[in-house]
1. Pop out the ³J(HN,Hα) list for the range 61-78 in order, Karplus 6.51 cos²θ - 1.76 cosθ + 1.60 with θ = phi - 60°, rounded to Hz; leave Gly and Pro as x.
2. Are there GluC sites (Glu not before Pro) in the range 81-139 that DSSP marks as loop and that have at most 12 other Cβ atoms within 10 Å, and which are they?
3. Kindly count the pairs of lysines across the range 31-158 whose alpha carbons are less than 20 Å apart, treating pairs on different chains or eight or more residues apart as eligible.
4. Taking N as the number of residues in the range 43-87, what is its alpha-carbon radius of gyration divided by 2.2 N^0.38 Å?
5. Can you list residues whose amide H is under 5 Å from Cys12's amide H, if they're 5+ apart or on another chain and H is modeled 1.01 Å from N?
6. With Rg and the Kirkwood Rh both taken from Cα atoms, where does Rg over Rh land for the range 45-140?
7. So how much slack lies between Lys41 and Leu58, counting 0.36 nm per residue of separation and subtracting their Cα-Cα distance, in nm?
8. Cross-link partners among aspartates and glutamates for Lys165, C-alpha distance below 16 Å, same-chain residues fewer than 8 apart left out?
Amino acid sequence: MILLHLASGANCVAIDVFGDQHLNTDKSGRGDRDRFLGNLKRWGGDPSKVAILQKSSLDVTPQEILSVAGPVSVFSVDGGHTVECALNDLRLAEASLDPKGVVVLDDFFNEVWPEVCVGAVQYFVGGGRLKPFAVAPNKILLCDPLYNAFYRTNLRDRFRFYHDKDAELFGSPVSIMGVGRHGTFGRLKKRLAASPAGPFLKHLKTALRRPA
């Protein structure tokens, strides 16, 4: 959120339970309000432009967000990692997003938090208006389908070096960015191959090969 604030300079909303860790049922993080504000100031942010809602996002309404920030341009979904939270946060993002806004959903492909994927799938198949337009390392980017082509092609053209391929996700065209040989995962794969674990991974891949 700090990065988004620094990039835009606009009014922002931070939603976190912070010290109320009894609300953090899945133990997916340990927010510290003082540390958050310290980092915000350290990197040149303006605390007066950041409204903090210290509560579970399950208890936040779109009206609360709109009242302090107006329609949201970029909404980062990276809070509670339960199915309920992921589904709720996507619906919250949809209801408070600017018509041309973008949602960044974290951990959709994270095998440690499959609940996020389940919640997101429930959103997509349950009539959610927002659809994916890009896939990045451990994230998917969403927008109103009316602006899919605009964001997808601009992202691909501006960062062509990181464009791996075009695909489809939940019936929506997406650009796959930065996960191939030029991306984070591609570099990690090369490092693993060169490490002592490389031979083991090679033999494991052979052992798990599907039978003819």
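The values are calculated or read from the model by the stated rules, or taken from the named source; none is laboratory data. All of these numbers come straight from a predicted model, not from anything done at the bench. Positions of Cβ are backbone-derived with ideal geometry, glycine not excepted, and every protein chain shown enters the neighbour counts. We work out accessible area using only protein heavy atoms, side chains counted, and drop any ligands, DNA or RNA first. Shrake-Rupley method; radii C 1.70, N 1.55, O 1.52, S 1.80 Å.
1. 9, x, 4, 4, 5, 5, 5, 9, 10, x, x, 7, 7, 9, 10, 8, 9, 8
2. On the way: sites: Glu84, Glu94, Glu111, Glu115; in loops: Glu111.
Filter output for the range 81-139: Glu111.
3. Numbers: Lys41/Lys49; Lys100/Lys131; Lys100/Lys139; Lys131/Lys139.
Summing the qualifying lysine pairs gives 4.
4. Values: Rg = 12.1 Å, N = 45, 2.2 N^0.38 = 9.3 Å.
Here the answer is 1.29, to two decimals.
5. It is Val50, Ala51, by chain and number.
6. Details: Rg = 13.3 Å, Rh = 13.8 Å.
Ratio of gyration radius to Kirkwood radius: 0.96.
7. On the way: separation 17, 0.36 × 17 = 6.12 nm, distance 2.80 nm.
Here the answer is 3.3 nm.
8. Asp157
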